[in-house]
1. Keeping to segment 530-566, report how many residues are in a strand (DSSP E or B), in contact with a helix residue (DSSP H, G or I) (Cβ under 6 Å, 6 or more places away or on another chain) and not hydrophobic (A, V, I, L, M, F, W, C).
2. Mind checking whether some residue in segment 413-427 is surrounded by 11 or more Cβ atoms within 10 Å (Cβ to Cβ), more than 19 Å from residue 457 (Cβ to Cβ), under 23 Å from the mean Cα position of the chain (by Cα) and modelled with pLDDT of 95 or more?
3. Any residue at all in segment 347-359 that is under 30 Å from residue 500 (Cα atoms) and either touching a Ser or Thr at 6+ places or on another chain (Cβ under 9 Å) or among the basic types (Lys, Arg) (or both)?
4. Could you figure out which of (1) in contact with a Lys or Arg (Cβ under 9 Å, 6 or more places away or on another chain); (2) part of a loop (DSSP other than H, G, I, E, B); (3) surrounded by fewer than 17 Cβ atoms within 10 Å (Cβ to Cβ) isn't true of residue 525?
5. Are any of the residues in segment 204-222 over 33 Å from the mean Cα position of the chain (by Cα), outside any strand (DSSP E or B), within 22 Å of residue 275 (Cα to Cα) and in contact (Cβ under 8 Å) with a residue 24 or more places away in the chain?
6. Restricted to segment 480-522, and to residues that are basic (Lys, Arg) and in a strand (DSSP E or B), which residue is nearest to the chain's Cα centre (by Cα)?
7. Give 313, 355, 360, 346 a once-over and let me know the one that is free of Cβ contacts under 8 Å to residues at least 24 places away in the same chain and not assigned by TED's automatic domain parsing to the domain that holds residue 131.
8. Quick test for you: out of 536, 510, pick the one residue that is free of Cβ contacts under 8 Å to residues at least 60 places away in the same chain and either within 30 Å of residue 445 (Cα to Cα) or crowded, with 16+ Cβ neighbours inside 10 Å (or both).
Amino acid sequence: MSTFVPLFHRTWFRATLVCSVLAAAGVGGAYAAFYRYSDFEHLQQLAAESMTGNARKITFDTQVERELLPRPTVILKNVTLSETDGRTPAVTVKEARVGVAWTSLLGNWTVEKLVLNDLATVITREDDGKWNFADLLDSQNKRQVSFNRIILNNGNILLQAFGRRIQLNNLTYQQTPQNQTGIPYAFSADASNPEWQELKLKAQGHMNTSAGGFRFPDFVMQFEGDENGRHFSGSLVSNVGFKEGHFVAKDNKLVVRTDRLTGHADVNIDNIVGENKYLLLNNINSVFTGSLNTNNRLNGTLVSRQAKLDVNQLASDELTINLSSKTADSDNLNFTAITAANWHIQNGLNLPKFQLSTRQDRPNGLPRFLSDWTGSLKVVNEKNWQAQAQGHFDKHPVALAFEREHNTINGAVQLAKIDFANYMDGVEQNIDNPYPEWLTGALVANVDLDVGAMSIPTLEVYNIKTKLRATSKEIRLEPFSADLYGGHTEGMLMLNNQQPVQYVMKQKASGVQVRPMMQDLFRNGTIAGKGDVELSFTTTGANRQELTESLSGSLNMNVKDGSWYGINIRELMKAAAASDGTGVLKLTSTDGGTPFDTFEFKSKIDNGVSKHSSNSHFTSPLVGMAAKGETNLYSGRMSEDINLLSNNGKDTLPLRITGTMDNPAISLNYQKITSGLKTPEEKKNAVTEAIKKQWDWMREQGKK
């Protein structure tokens with residue numbers, strides 16, 4: 001003790017000792033005060049006061065932990081905020097660390113730092129339009145507690161609003177002291193929903209509080225995720241506010257980018273206002289781009305003056321949609337639609353009256369898909385919908401109506417005229433797989449077709465009337481009737497869905513121009529005139545060669561008052577008369593044809609080869625003809641034996657035609673004329689005699 005006595009006489013020691021004692025007393029007093037204000041009973045009282053005028057309750061474990069430095073901190077375990085029934089948990093927090101300012105020890109509690117670990121809650125928008133925590137925004141009769149810093153770690157929130165459920169996991173939130181703009185905040189979370197595999201959210205901005213509400217004037221949220229293996233990302237900017245249970249968002253801008261369409265959408269909405277049970281969206285403007293495939297680029301806009309959204313439906317009195325589709329070869333297809341729209345969660349989509357116009361401009365062709373429509377559309381779901389429209393297609397009147405109920409589609413199409421010449425490039429591109437991909441499962445389509453006129457290259461077809469029945473197995477047009485080639489035809493057409501597709505055609509035509517018909521069917525027409533044609537074909541293939549080489553069926557023709565082109569019998573007779581006995585006929589001219597008054601042709605076709613017979617009565621010269629032969633319809637190679645018969649029934653001249661239909665080689669049937677003869681002299685005389693008799697008879701008929 002004597003050691004410290006001299007020190008008491010020193011001023012600095014006495015000052016240090018006094019400060020130390022005062023500091024120790026201050027710390028002890030502060031801790032005692034802190035302990036008194038943070039004991040379980042006092043904290044329960046504070047929690048109850050904060051819920052004054054509200055049926056909710058805050059509870060926590062009786063064991064309370066404390067830390068004095070760096071600030072007085074109360075650590076609460078298993079904190080629960082109840083629902084308005086006072087019992088059911090609404091919010092649970094595994095650990096809450098409440099750091100208060102030192103001035104709080106004097107009785108005016110200021111939370112300097114609030115840390116919530118492992119929070120779980122459900123936020124719900126009720127049927128009456130109010131949120132389940134709206135009552136907490138009512139400031140009447142509540143003790144005001146200020147928060148300088150708030151930190152949330154590992155939050156889990158289920159958000160239920162407008163018929164949607166989104167789970168927010170791993171949520172973090174940080175709120176720092178207020179500045180001139182407001183209270184800065186930032187949060188991040190992982191959102192889960194059946195519609196996507198992953199969605200990460202990040203947001204930041206400032207919060208302004210006021211009596212009964214709060215506002216986020218510069219809310220900015222960024223997001224990115226994956227849905228069905230496709231990445232998407234974007235951002236949302238808004239001025240959001242909640243006051244007395246009402247929701248208002250101004251100057252909203254949403255930007256979305258998605259790999260699904262390799263594009264993006266920009267959506268601007270001036271105001272979103274919560275009105276009772278719905279949201280009112282004012283002045284919606286959207287611009288979007290995307291790609292349906294590598295050869296097609298979409299650009300479009302959507303404008304709506306006002307739309308209404310509630311838990312069950314989205315409605316707009318008027319939507320204007322402009323859509324442009326551009327292909328790699330610079331074709332532009334433009335759609336413009338103006339319609340009222342209503343989407344209901346149970347009743348689906350309803351467009352009670354729409355206006356639609358389309359146009360495709362092509363750099364190397366005439367415009368096409370020129371149309372304007374008015375009509376209606378109602379879609380309950382994928383298997384239940386109705387559509388009807390009328391207007392013009394390529395400047396010709398058109399009307400259609402379709403209805404689907406479960407697996408059955410019924411419809412009718414009336415079209416004044418359609419010109420396929422401007423659309424053949426699209427048909428040729430799809431010939432490898434012409435069967436519609438949407439015809440799957442048990443789906444059945446029944447459609448009545450009535451087309452006034454149809455133009456395809458080299459052919460006009462009129463008054464087409466048919467019933468179409470389509471399933472996943474076959475497409476059948478039966479009965480099928482039309483006016484074509486100057487006559488009328490009836491029958492059926494069918495496509496069988498196999499690999500490759502099988503085509504079946506049965507037609508009975510009367511009074512048709514035969515030559516153009518045969519040219520369209522077989523690329524060659526040597527018989528001209530009007531007649532009756534009955535055909536039955538079956539074929540398969542993905543190109544013209546496959547279709548022709550697998551063609552099987554029958555063809556019968558009966559033609560009157562026509563001409564046989566490509567073979568001029570007068571020239572044949574002259575060449576036969578000048579023959580040197582070898583049987584080869586040297587024609588000086590192959591122009592013109594041989595007129596006839598009757599021509600009958602019957603053919604059986606097997607795998608692209610026609611075996612046929614024909615009989616004809618020619619008028620100039622007056623000779624008959626009987627022929628048999630076969631022709632490869634794809635290569636055009638032919639082999640035909642022809643007998644020219646004098647009308648006296650006595651004289652015949654046998655001929656043989658070989659080569660191709662485009663370039664036939666004609667010769668005397670030397671073998672038939674000389675059958676049974678042995679010496680060269682006898683054979684030569686027989687040929688000369690056959691030619692002489694036929695030529696003399698023809699010359700005699702010519703004199704008459």
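The values are calculated or read from the model by the stated rules, or taken from the named source; none is laboratory data. Just so you know, these numbers come straight off a predicted model, no measurement behind them. Cβ placement follows ideal geometry from the backbone for every residue including glycine, while neighbour counts extend to all protein chains displayed.
1. Looking only at that region, the number is 2.
2. Yes; the residues of segment 413-427 include at least one that is surrounded by 11 or more Cβ atoms within 10 Å (Cβ to Cβ), more than 19 Å from residue 457 (Cβ to Cβ), under 23 Å from the mean Cα position of the chain (by Cα) and modelled with pLDDT of 95 or more.
3. So far as segment 347-359 goes, no, none of its residues is under 30 Å from residue 500 (Cα atoms) and either touching a Ser or Thr at 6+ places or on another chain (Cβ under 9 Å) or among the basic types (Lys, Arg) (or both).
4. All conditions pass for residue 525, except number (3).
5. Within segment 204-222 (the criterion being over 33 Å from the mean Cα position of the chain (by Cα), outside any strand (DSSP E or B), within 22 Å of residue 275 (Cα to Cα) and in contact (Cβ under 8 Å) with a residue 24 or more places away in the chain), the answer is yes, since at least one residue qualifies.
6. If we take residues in segment 480-522 being basic (Lys, Arg) and in a strand (DSSP E or B), then 506 is nearest to the chain's Cα centre (by Cα).
7. Matching residue, one of 313, 355, 360, 346: 355.
8. Unique residue meeting the criteria: 536.
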